[in-house]
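The values are calculated or read from the model by the stated rules, or taken from the named source; none is laboratory data. Given the structure is predicted, the values throughout are model-derived calculations rather than measurements. All Cβ positions, glycine included, derive from the backbone under ideal geometry; neighbour counts span all protein chains shown.
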Amino acid sequence: MKPLSKTLTGEKVEIIEIRGGRGLVTKLLNMGFYPGVIVEVVSNCGYGPLIVAKGGIRLGLGFGMAQKVFVK
């Protein structure tokens, strides 16, 4: 298990846990990002926002936010 911020561009990962506050968790749940969902990392430059894709949806996550989403 590792934070989403440590994944590589092009990698497909499964969300395991979101370790954030209620606001962050609610925001991601409403967008369809919750434990068990497979996402693909579209862009990760290692220090700024990450772009992930799930189905036809692309979502930009700030680096701090991505550090609170754990994947495998």
Revision key, fill the gap. Filtering segment 29-72 for residues that are part of a strand (DSSP E or B) and either of a type in the set (D, E, K, R) or under 11 Å from Ile15 (Cα atoms) (or both) leaves a count of 8
Check your understanding: Only one of these conditions is not met by Leu8: (1) surrounded by fewer than 18 Cβ atoms within 10 Å (Cβ to Cβ); (2) hydrophobic (A, V, I, L, M, F, W, C); (3) touching a Leu at 6+ places or on another chain (Cβ under 6 Å). Which number is it?
Key -> (3)
**Study point:** Filtered residues of segment 23-41 (kept if modelled with pLDDT of 95 or more and among the charged types (D, E, K, R))
**Key:** Glu40
Review point. When you go through Ile15, Ile38 one by one, which is the residue that is buried (at least 18 other Cβ atoms within 10 Å of the Cβ) and either at negative phi or of a type in the set (A, V, I, L, M) (or both)?
Key: Ile15
Point to revise | First in segment 45-70 and closer than 21 Å to Ile16 by Cβ and among the aromatic types (Phe, Trp, Tyr), second anywhere and modelled with pLDDT of 90 or more and in a helix (DSSP H, G or I), Cβ under 7 Å, 6 or more apart | key: Phe63/Ser5
Point to revise | Residue that is surrounded by the most Cβ atoms within 10 Å (Cβ to Cβ), among those in segment 53-72 that are out of contact with any Leu (no Cβ under 8 Å at 6 or more places or on another chain) and hydrophobic (A, V, I, L, M, F, W, C) | key: Leu59
